[in-house]
Amino acid sequence: MNHYLYKQFYRNKSYLICLIILFLAGLSSLYTGKKFLDKNEDIINKSARYQKESLEKNIAAHSDNLGLLLYYVKFNLVNETPKLSSLNIGLRDLKPSIRGVTIRNLEEQKNNSDFFNPANAAVGNFDFTFVLIFLFPLVIIAFCFNLISEDQEKGTWKLLSVQSTNLRKLIDAKIIIRCIVIVALYFLLLIMAVLFIKISIDIPFIIFIISGLLYILFWFVLCRWIIGFQKSSASNALTLIICWISMNFIIPMTGNMIIQKIYPINEGLKAQIEQREGYHNKWDEAKAPTMQKFYQIYPQFSKYKVDENISSSYVWYYAMQHLGDAESQESSKQYHMKMQRRNDASVYLGYLFPTIHTQLVQSQLAKTGMENQLQYAEGLRTFHEKQRLFFYPYIFSEQKADVIDWSKHTVKTFSDAEKTNLLQVFLPYFILIILLTILSQQKFRKLC
């Protein structure tokens with residue numbers, strides 16, 4: 001019987017066309033991911049060369065004035081980009097994977113970025129996760145929506161009921177055949193990704209594979225439940241398409257609007273304004289209060305005194321720069337905290353809807369999600385402080401550039417060490433799949 005069902009499936013040209021289109025879409029997504037990785041690596045390599053050339057140029061021009069030299073020089077911090085990010089580009093297309101900062105105030109530099117076409121940003125990238133989340137379910141729906149209704153509408157259902165001793169097993173065999181084909185295509189694309197992009201087969205990649213596999217199984221079980229109602233083909237197709245649209249568009253967009261309403265974020269702009277006012281106002285203020293605040297933060301620099309009547313001083317200048325950041329620190333923390341809460345709310349919503357959950361899980365594994373961006377922002381803050389505290393003593397003691405070993409100041413890399421909680425990843429899938437299996441099983445009992 002199964003042999004006959006296999007033949008019946010493969011003789012359907014529409015199914016084969018669907019599989020070919022899905023395969024080509026998968027290949028296109030892999031190509032998009034490879035291009036993204038190549039472009040990213042090219043930018044990082046150029047940035048390393050640019051930092052070296054910038055250092056050499058500024059050392060030659062300002063070797064006697066370290067304060068002025070470090071006004072211009074930028075130090076780059078790379079957000080490590082695993083090859084798995086080629087399968088889920090996530091926020092990496094909007095947020096740069098490398099940032100260069102001077103030792104001046106951080107808050108302003110933190111938000112400097114390239115301009116993007118908002119229309120392109122709204123569409124997003126055609127990466128592998130996009131194909132998995134949006135296109136795989138459509139093909140699964142096309143394969144399964146009429147598994148029962150087709151025979152009922154053709155008038156062959158009664159004949160099947162007479163010839164088959166167990167109709168439930170027959171329908172399940174058809175679903176399993178379709179599931180095997182879709183899963184085989186899924187693994188074929190992943191094998192091609194490993195060969196083409198050279199993705200390492202490590203723990204994150206294995207979790208990535210399993211999450212995608214469970215997502216596919218979820219859609220098959222959902223289809224099994226819907227067709228179990230024994231409605232017409234049109235009704236089944238409409239119901240499944242409504243589920244697809246709701247889970248992919250309506251619920252995520254509505255959820256996003258509600259989350260934005262609950263956690264409005266005005267602190268990003270506020271932090272920048274506070275930083276600018278905090279810094280610029282100090283040009284018109286007495287130097288002593290500024291230096292007192294700076295010494296309270298960094299008492300180790302209290303030996304570098306600033307005369308009130310002196311026209312310019314790098315100690316005073318960099319103190320003003322830092323106090324601009326210090327005065328916007330509370331708003332910056334609020335911004336970070338609200339972004340984290342928004343992300344947490346999205347994670348909780350994803351527990352109920354596998355489309356959101358799969359997107360979030362795979363972006364977390366690929367280090368392209370909001371968690372990674374928040375971690376990287378903290379890493380950039382730590383890096384900036386480390387650079388400042390290293391150079392301050394040399395600047396404040398009016399040293400020359402040749403006292404510093406500049407060869408050690410190469411591009412640094414930030415590694416996101418956040419671990420994945422397997423229970424949080426897999427439990428939502430298991431609950432939904434088991435629940436839908438039980439519900440569909442109750443419907444399928446009526447077929448026997």
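Bear in mind that the values in this text are calculations on the coordinates, not laboratory data. Model, not experiment: these values are computed from the prediction. We place every Cβ from the backbone using ideal geometry, glycine too, and count neighbours over all the protein chains shown.
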³J(HN,Hα), Karplus 6.51/-1.76/1.60, whole Hz, each residue of the stretch 323-339, x for Gly, Pro: 5, x, 5, 4, 6, 9, 4, 5, 5, 5, 5, 4, 4, 4, 5, 5, 5
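I'm checking a number: the convex hull volume of the Cα atoms of the stretch 199-245, normalised per residue, in Å³. What is it?
On the way: hull volume 3.7 nm³, N = 47.
About 78 Å³ per residue, rounded to a whole number.
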Rounded Å value of the spacing that divides the Cα centres of the stretch 143-179 and the stretch 281-357: 66 Å
Hydrodynamic radius by Kirkwood, which averages 1/r over all alpha carbon pairs of the stretch 192-303, in angstrom: 21.0 Å
Dimensions in Å of the stretch 372-442 - Rg and Dmax from alpha carbons: 25.0, 81
Placed amide H near I98: partners under 5 Å, 5+ positions off or other chain: N79
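Across the stretch 157-239, how large is the tail of the calculated P(r) beyond 20 Å, expressed as a percent of all Cα pairs?
Numbers: 1740 of 3403 pairs.
Value for the stretch 157-239: 51 percent of Cα pairs lie more than 20 Å apart.
Just in the stretch 304-394: which GluC sites (Glu not before Pro) are loop by DSSP and have at most 12 other Cβ atoms within 10 Å?
Numbers: sites: E308, E327, E330, E371, E378, E385; in loops: E308.
Those that pass, being in a loop and sparsely packed, are E308.
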Where only C-alpha atoms are counted, convex hull volume of the chain per residue in Å³: 159 Å³
Net dipole in debye of the stretch 51-203 [+1 Lys, Arg Cβ; -1 Asp, Glu Cβ; about Cα centre; nearest 20]: 420 debye
Charge dipole (the stretch 222-303, unit charges on Cβ, about Cα centre) - positive-most of Q260, M247, S302: M247
Degrees between helix 203-227 axis and first principal axis of the chain (Cα, 0 to 90, nearest 10): 40 degrees
For the stretch 388-402, Karplus couplings with θ = phi - 60° (6.51, -1.76, 1.60), whole Hz, Gly/Pro x: 4, 5, 6, 8, 3, x, 5, 5, 5, 8, 6, 7, 8, 5, 6
Cα principal axis extents for the stretch 35-100, largest first, Å: 49, 16, 14
Unit charges at the beta carbon, dipole of the stretch 282-433: most positive-side option, T410, P354, A377: P354
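Considering just Cα atoms, how many Å³ per residue does the convex hull of the stretch 306-423 enclose?
Details: hull volume 15.0 nm³, N = 118.
For the stretch 306-423, the hull spanned by Cα atoms encloses 127 Å³ per residue.
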